[in-house]
1. Is segment 198-214 home to any residue that is over 17 Å from the mean Cα position of the chain (by Cα), assigned to a helix (DSSP H, G or I) and in the same structural domain as D104 (by TED's automatic domain parsing)?
2. Residues of segment 21-60 being part of a helix (DSSP H, G or I), farther than 17 Å from F155 by Cα and within 24 Å of the chain's Cα centre (by Cα), which ones?
3. All but one of (1) surrounded by 11 or more Cβ atoms within 10 Å (Cβ to Cβ); (2) touching a residue at least 60 places away in the same chain (Cβ under 8 Å) hold for F67; state the number of the condition that does not hold.
4. Return the pair list, or none, for Cβ contacts closer than 9 Å from residues in segment 85-112 that are in contact (Cβ under 8 Å) with a residue 60 or more places away in the chain to residues that are part of a helix (DSSP H, G or I) and of a type in the set (K, R), at least 6 apart or on different chains.
5. Can we say F50 is touching a residue at least 24 places away in the same chain (Cβ under 8 Å) and out of contact with any Gly (no Cβ under 9 Å at 6 or more places or on another chain)?
Amino acid sequence: MDIATLVGLVSGITLVLVSIIMGGNPTVFWSVPSLVVVMGGTLAATLINFPLGDVLSVLNTVRNAFFHKSNPPESLIPKLVSFATIARREGILALESHASEAGDEFLEKSVQLAVDGTAPELIKDILTTELAFMEDRHAMGQAILLAMGTFSPAFGMIGTLIGLVQMLATLDDPSTIGEGMAIALLTTLYGALMANVVFLPAAGKLKVRTSNELLAKELVIEGILSIQSGDNPRVVEQKLKAFVSPAVRRQVSAA
């Protein structure tokens, strides 16, 4: 997990817990019925809205997005330039022995396609198809997380309404009013916390990771096609630098 995600998650949960503890008795914020309504209702609505296979697969997609360490786009530029240099001096077949050193599965596959003499149009078609389906998988994960971020506050409100109905039904017993009101409000709290601390931030982070991964793969495609066409390594470098910001270009040049 990257440091920003870890810091954000820990600080968000910690701030809520500290405010609860500072306010008095923290046990009043625990309610099993409220959790059942919010968590169970959110899961039920998600299963109604999406196929079971997609809901189960989103766990794997989110795990890869948060815990899989992908290469930043700029780190691929020196590798591709070095491959261009080797291909320029020794021929593109010389890259076969270096493909396993790429350190990136997509880059290794791209190099192998070029070494095998695959036509440039076919290489681009194969690799862009892989990109499209990766984007679709991540888009489904984002959609499910966004839906859960929408459902959880809604079920929090439903739980609140249930608690208010139960409270109003027992107005003849004043001793139950406080407990009923607390349970009613806790469901709203749980729904808001789940949406704004877990589901919506996770969807946003998955979107950012997808964007970065797409950029890195598009950079690889451009680099491999340029190498296969026999471009000068300096030309390859200039083409690839166009994919990153000016500040990153200066870092790559310094390196």
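1. Filtering segment 198-214 down to residues over 17 Å from the mean Cα position of the chain (by Cα) leaves none.
Among the residues of segment 198-214, not one is over 17 Å from the mean Cα position of the chain (by Cα), assigned to a helix (DSSP H, G or I) and in the same structural domain as D104 (by TED's automatic domain parsing), which makes the answer no.
2. Step one: filter segment 21-60 for residues part of a helix (DSSP H, G or I), giving 21-22, 26-29, 32-49, 52-60.
This time we only want the ones that are farther than 17 Å from F155 by Cα, so: 21-22, 26-29, 52-60.
Answer for segment 21-60, where residues must be part of a helix (DSSP H, G or I), farther than 17 Å from F155 by Cα and within 24 Å of the chain's Cα centre (by Cα): L52, G53, D54, V55, L56, S57, V58, L59, N60.
3. (1)
4. If the second residue must be part of a helix (DSSP H, G or I) and of a type in the set (K, R), the pairs left are D104/K79; F106/K217; L107/K79; L107/K217; S110/K217.
5. Taking the combined requirement at face value, the residue satisfies it.
The values are calculated or read from the model by the stated rules, or taken from the named source; none is laboratory data. Just so it is clear, the model here is predicted, and its values are computed rather than measured. Neighbour counts run over all protein chains shown; Cβ positions are idealised from the backbone, glycine included.
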